[in-house]
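Input: a single structure, listed below in structure tokens.
Just so it is clear, none of the values below were taken in a lab; they were calculated from the coordinates. Source: prediction; values computed, not measured. Cβ sites come from the backbone with ideal geometry, for glycine too, and all protein chains shown count toward neighbours.
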Amino acid sequence: MRTVEELIELANAHLGTALAPADAERELTELAGWDSVHLLRLIGLLEQVLDRPVPVDAVLQARSLRDIWSAAVTA
Amino acid sequence: MPDRDPAPAPGAALRTLHARGRLAAEYPAVRELLAAADRDTLDFAGRVLAPLDPEEVLAHHPDTPVVRVAVTGRGTVGELVPALTAQLARHGILARTRVCGSGGYLGDLADPNSPLYAHRPEVTLCVLDPLTVWDTVEVPWQPLEVSVAAERRRKVLGELAQLHAASAPRGATLVLNTVPLLRRFTHQLTSLAQRAELGGLWKQFNADLLHMARPSAGLAVLDLEPVTSAGVRADEPRLGTYAEAHCTADLLTHYAREAAHLIRGLRGEAKKCLVLDLDGTLWDGVLAEDGPEGVTAAGTLRGAAFGAFQLTVKQLAAQGVLLAVCSRNDAEAVRRALAEHPEFPLRPDDFATVVAGWGSKAEGVRTVAERLGLAPEAVVFADDTPFERESVRAGVPGAAVVELDAEPALHTERLLADGWFDTPALTDEDRLRPVRYARRAARVSSEAASADHRAFLATLELRVEISPAREHELARLAQLTLRTNRFNLTGQRLSAEQVRQRAAAPGAAVLAVRAADRFGDEGVVGAVLARIDGNRLRVENLLLSCRVLGRGVEEAVLAGLLAAAREAGLTAVHAVWRPTRANAAVRTLCPRHGFRTVTGPGAGPKAPPGSGTAAGPAAGARAGSDREDGAETGVQTGRGTGAATGAESRAPGEVRFEHPLRTLPPVPGHITLRLRLTGEPAQPTADGTEVGACAPSRS
């Protein structure tokens, strides 16, 4: 996974969300249809795709999709 | 981005529906798509179905069965909702789910004014995560401290169950679960002796929880040990530590699957019949090639695996699951193969019916259902051939299809992966069902041999006895309300406890209908739920097992009731019909017996005024649980003492009837009827029909 856009694609494909690349910087709380259950599931999806553990504490504290991507991918 | 696997057909179709915003509009298709869905598709389905507004689905499909579910628990349990939504959708049930305060199950269940009770749940899932009990144990601890904390928690849970019974709608069920014991706790003890002690006391805690279960009376306990022992990890330490989400998604997915079957069972939607393929399913070999003598279910390694599977099937049959064969083979070859292998655990008379021929399996399954008088969706079909499974999936909507494959050693696990036959409690009737259906088959062939139906009936020596249900019959009556779909005037579902409460109410006439003929005793085949209200008999529901239909029993029941009411000095009998998915045929039952249709308030079987114990016809939570129209009114009126208010409001499509008891229909001549409204013995009448003249106490 090289870009935050791929993370957004991953979420849309498995969570049924309709996120756009422009949503990458927005606060998670402002994203339509996003909730904490999505975040828990996304952690599992990221670990499957990356085939390695992600820093769960950092991802849980992320405030935007880009934060999640940074925490998960650049860790 | 690599997708983990190519989307299978159901997944792709589901994604298309979601992308087009058509999930609500095409909700019935979702059930079909999920029937064969893999794990990822079910996961995706849960994510996109959970946010769907149930009202939107109902606006498109008002007939969709609905269940109101409250979810609470220790820790974060929101992750359960998508999984549960998908599992229920798989059974065609629409969930109205409310997730209550995270971790606050004590407050949710103890406070009658909590949001949980405001949701009016029919089922409350209280998820006990692996930190249950441990959240009150202080370091340093010994097994004794854990034992005390566990016992204290169990008592609290028992009290919460009582509070739930008092505050949730009547007939609601609270679901608890056993608590997995984590290695990260056991191994904090270094002494092997103490570790064993901890293991023992924890199992005792779980055993005590399981012993509290009374699924027919509002408390169910899911045993998670079989789930974890099958390899499902219980806890997620990272999400537990950082997000209070201690259960793994995997555990919650399995929990949801079990809970959905429990909900189906509570609603009386347990499947009734297991239809089995033969070649590669029940035995090793191909009958058409190897011949009747060449197929095996013993004697070889592979054969023995089939034999073990047959034993599992036999075990299910012993609990009332009807067995049938659907095979693409010559009927004679099948008959010989079944008859000529005494070493097979399953014998020819274990099967209620055998369909063998060269038609499609979908056709075969429908024939089985027809012969046994079952709805096709009451069937589970198991086959090792994908083509045959697809044929049944496509041709018999609603039937469950079990995917077996070329490995017979896995047949048992695959058959039991879903609890299709799960039911709150077994009755004696269940154990005897296969014998009774076999007799039914004997009657059918005897009828076929008889030139005329009336002459056939006359030879049956049919005896029908109707009288107040005895204590040991109450569970059977509840089961009839759950399992009977066609001959069911209102579709109202009742638990054994609710039947008991009704029978104990003043003026109640909760009657069991028993039948016997020269082929044998049928036991309790029907129920009359009625009540004396002033000088009227109000029939709140009337149910008869499909097994006895077509023999005049229904005519005898109605004629007998009317006669008994007149003998008791009453002036009218009232009844009501409410449409359900399956009872259209009994809409005309009352008019055919001299009832007139009435309009206006107060004509139907209203609930006893001010009664908080005897449920009115629309009062039980189960009443509306599987019926779109009753889902709301049923639960609303079921709360507190509001039953009487609900009685005056009619359910959509409801029709009320009244019989003025002037001209009574006759009891069919081939039936000897004994009917008592109360426990006192009846006086024989001139025509040999006995009808009890005693009215129930009106105290």
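Order by neighbour count: B:366, B:74, A:2, B:302, fewest other Cβ atoms within 10 Å first, most last.
With the sparsest Cβ surroundings first, the list reads A:2, B:302, B:366, B:74.
Using 7 Å Cα-to-Cβ label points, what is the residue B:59/residue B:662 separation (nm, one decimal)?
So the two model labels end up 5.0 nm from each other.
Per-residue Cβ counts within 10 Å, from other chains only, averaged over B:232-244: what number is that?
Other-chain Cβ atoms within 10 Å of each residue's Cβ, averaged: 3.
Applying a 10 Å radius around every beta-carbon, put A:20-33, B:513-526 in order of their mean neighbour count, most first.
On the way: A:20-33: 13.2, B:513-526: 20.2.
Result, highest mean first: B:513-526, A:20-33.
Taking amide hydrogens as modeled 1.01 Å from N in the peptide plane, which residues meet the under 5 Å criterion relative to residue B:509, leaving out close sequence neighbours?
Here B:530, B:531, B:532 satisfy the definition.
Tell me which residues come under 5 Å, amide H to amide H, from residue B:323 once H is placed; ignore anything under 5 positions away on its chain.
Amide H neighbours of residue B:323: B:274, B:352.
Under 17 Å from the Cα of residue B:314, which lysines turn up, not counting those fewer than eight places away in the same chain?
By straight Cα distance, residue B:314 reaches B:271, B:272.
Order these by the 10 Å Cβ neighbour count, fewest first: B:111, B:383.
If I rank by nearby Cβ atoms, fewest first, I get B:111, B:383.
Using just the helices of chain B, give the 222 nm mean residue ellipticity in deg cm²/dmol: DSSP H runs with n ≥ 4 each add -39,500 (n - 2.57), and the total is spread over all residues, rounded to 500. Don't jump to the answer; show the numbers that get you there.
On the way: 27 runs with 279 residues, N = 699.
For chain B, the value works out to -12000 deg cm²/dmol.
Going Cα to Cα from residue B:155, which lysines come in below 18 Å? Please leave out same-chain ones fewer than 8 positions away.
B:203
Using the number of other C-beta atoms within 10 angstrom as an exposure proxy, rank B:361, B:155 with the fewest first.
The order, fewest Cβ neighbours first, is B:155, B:361.
Could you tell me how many degrees, from 0 to 90 and to the nearest 10, lie between the Cα long axis of helix A:36-50 and the main elongation axis, the longest principal axis, of the Cα atoms of chain A?
Its long axis makes an angle of about 40 degrees.
State the answer as a single residue: which of B:204, B:93, B:260 lies farthest towards the positive end of the charge dipole of region B:65-266, with beta carbon charges of +1 for Lys and Arg and -1 for Asp and Glu, about the Cα centre.
B:93
Counting only other chains, and only Cβ atoms inside 10 Å, what mean value do you get across the residues of A:46-58?
2
Only Lys, Arg, Asp and Glu count, each charged at its Cβ (+1, +1, -1, -1), so figure out the dipole size of the protein assembly as shown about its Cα centre, rounded to 20 debye.
Roughly 2960 debye for the protein assembly as shown.
With +1 on each Lys and Arg Cβ and -1 on each Asp and Glu Cβ, how big is the dipole of chain B about its Cα centre, in debye rounded to the nearest 20?
2380 debye
Determine ³J(HN,Hα), in whole Hz, for all residues of region B:351-368 in sequence, where each value follows from phi through the Karplus function 6.51 cos²θ - 1.76 cosθ + 1.60 and θ = phi - 60°; x replaces Gly and Pro.
9, 5, 7, 10, 10, 10, x, 10, x, 6, 5, 4, 4, x, 5, 5, 5, 4
Could you point to the residue in B:526, B:334, B:164 farthest towards the positive end of the protein assembly as shown's charge dipole, with +1 and -1 charges on the Cβ of Lys/Arg and Asp/Glu respectively?
The Cα lying farthest towards the positive end belongs to B:526.
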